[in-house]
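Comments concern the structure below.
Each reported figure results from applying straightforward, stated rules to the coordinates on display, with no laboratory input. The shown structure was predicted, so the numbers you read here are calculated from the model rather than taken from an experiment. Note that we place each Cβ from the backbone using ideal geometry, even for glycine, and neighbour counts take in every protein chain shown.
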Amino acid sequence: MAGEDIIAMSVRELRRLQVVHKVLDKEIRQKAAASLMGISERQVRRLVKGVRELGDRGMVHRSRGRPSNRRHPEGVKESVLRLYREQYRDFGPTLAVEKLLAREGISLSRETLRQWLLAAGLWERRRRGRPHRQWRARKELGVAVIQAHSPQAKGRIERLFGTLQDRLVKEMRLRRIATKEAANEFLTAYLPQYNRRFGVTPLNPTDVHLRPGRGVNLDRCLCLKTDHTIRNDHTVAHNGRLYQIKEMVMSRKVTVEERLDGSLHMVSPQGENLKYQKIVERPPQAAPPERPRKPRQSPLPPRDHPWRTSPLKTVARKKIYTKTIK
């Protein structure tokens, strides 16, 4: 059949085949061919021998098109994809492989699972951006930042953020943890496991952490703060809601603090807590009064306007008058 004479090759193999043919035709030496293809002379001799014995087919690896000896049964693949859809839908391949081994007893490589998920449309190649945040608490607590100028240090903190924002959340979801108390209890067992796996012993084990000074309110420092401008009606808009301030404020600025306990506080620039009230329904705005429209007058020039006293205009009037009399 004609299809039996077709040999599937990659672009790299086609380029190497041209170089091998030049070696067989004695146009170049094997050393030059190795430099052109970026391989060793031993590999060049192997390719030349394969093309000499099998023709152009000798350039293609003999295991191409054959199933791998280390392939998994089709039933394992179907079971893994079903478990991924039901329990690990938003897990990355690395974390999903760990959970499949720990919870299901299924051993897979990360790349195998990734290829299965890509083929099934359950995963896509993505590149996550790295968010950068500025913490006002650092200035209030007097914390100085020591910049990490080495890629190793930056990589460690980014991996830690990725673990706490991704892995930890999914671990708690698998255990159906839905309360703060249950989450704290889970951390007592999870953090030692995490430290044993990823912890690195420091060169200097001295603890340099300091206790907060007197007068430092950690509830006020460790919260989300948003600056707003007080409106003319003494209200503040925050997160799509309206709040009425119930006391006089000398400044036009106010800081809204969202505490860890879920409470909301209005704070003046002097650090005073302001009394406020949430406005459930916004008052309807009155329609502006309609202004009476003046009748529009045609812009006629006055009698002493140069347009009326122009000689050409006078001549035109006489012609029109004479024509009318006739």
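Worth a mention:
- Region 6-59, dipole about Cα centre (Lys/Arg Cβ +1, Asp/Glu Cβ -1), debye to the nearest 20: 200 debye
- Centre separation in Å (Cα based) which lies between region 177-203 and region 217-235: 33 Å
- Over all orientations, region 6-59 has a Cα convex hull whose mean projected area works out to 3.3 square nanometres.
- Gap separating the Cα centres of region 241-291 and region 69-91, nearest whole Å: 53 Å
- Here the Debye sum runs over all C-alpha atoms of the chain as equal scatterers in vacuum, and log10 of I(q)/I(0) at q = 0.06, 0.08, 0.16 Å⁻¹ comes out as -0.60, -0.79, -1.36.
- Positive contributions from Lys and Arg (+1) and negative ones from Asp and Glu (-1), summed over other residues with Cβ under 15 Å from the Cβ of His149, come out at +1.
- Here region 139-198 is described by how far its Cα atoms reach on the three principal axes: 39, 30, 18 Å, from widest to narrowest.
- Backbone amide hydrogens, once placed in the peptide plane, bring Leu242 within less than 5 Å of Ile279, excluding anything fewer than 5 places away on its chain.
- Exposure proxy for Lys26, Lys278: other Cβ atoms within 10 Å of each Cβ, ordered fewest to most, give Lys26, Lys278.
- Point-charge dipole on Cβ atoms (K/R +1, D/E -1) for region 177-269, about Cα centre, debye to 20: 200 debye
- MRE, 222 nm, helices only [DSSP H, n ≥ 4, -39500 (n - 2.57), over the chain, to nearest 500]: -12000 deg cm²/dmol
- Nearest-ten-degree value, helix 311-325 long axis tilted from longest Cα axis of the chain: 70 degrees
- D (Stokes-Einstein, µm²/s), Kirkwood Cα radius, region 34-114, 0.692 mPa s at 37 °C: 205 µm²/s
- Each of Thr94, Thr235, Thr206 has some number of other Cβ atoms within 10 Å of its Cβ, and from fewest to most they run Thr206, Thr94, Thr235.
- Taking θ as phi - 60° and the Karplus parameters 6.51, -1.76 and 1.60, the scalar couplings of region 28-38 work out to 9, 8, 5, 5, 5, 5, 4, 5, 5, 8, x Hz in sequence order, x denoting glycine and proline.
- Mean-square fluctuations from a GNM of the chain, with a 10 angstrom spring cutoff on Cα atoms, peak among Pro288, Pro299, Pro212 at Pro299.
- Ordered by the count of other Cβ atoms within 10 Å of each Cβ, fewest first, Ile230, Ile146 give Ile146, Ile230.
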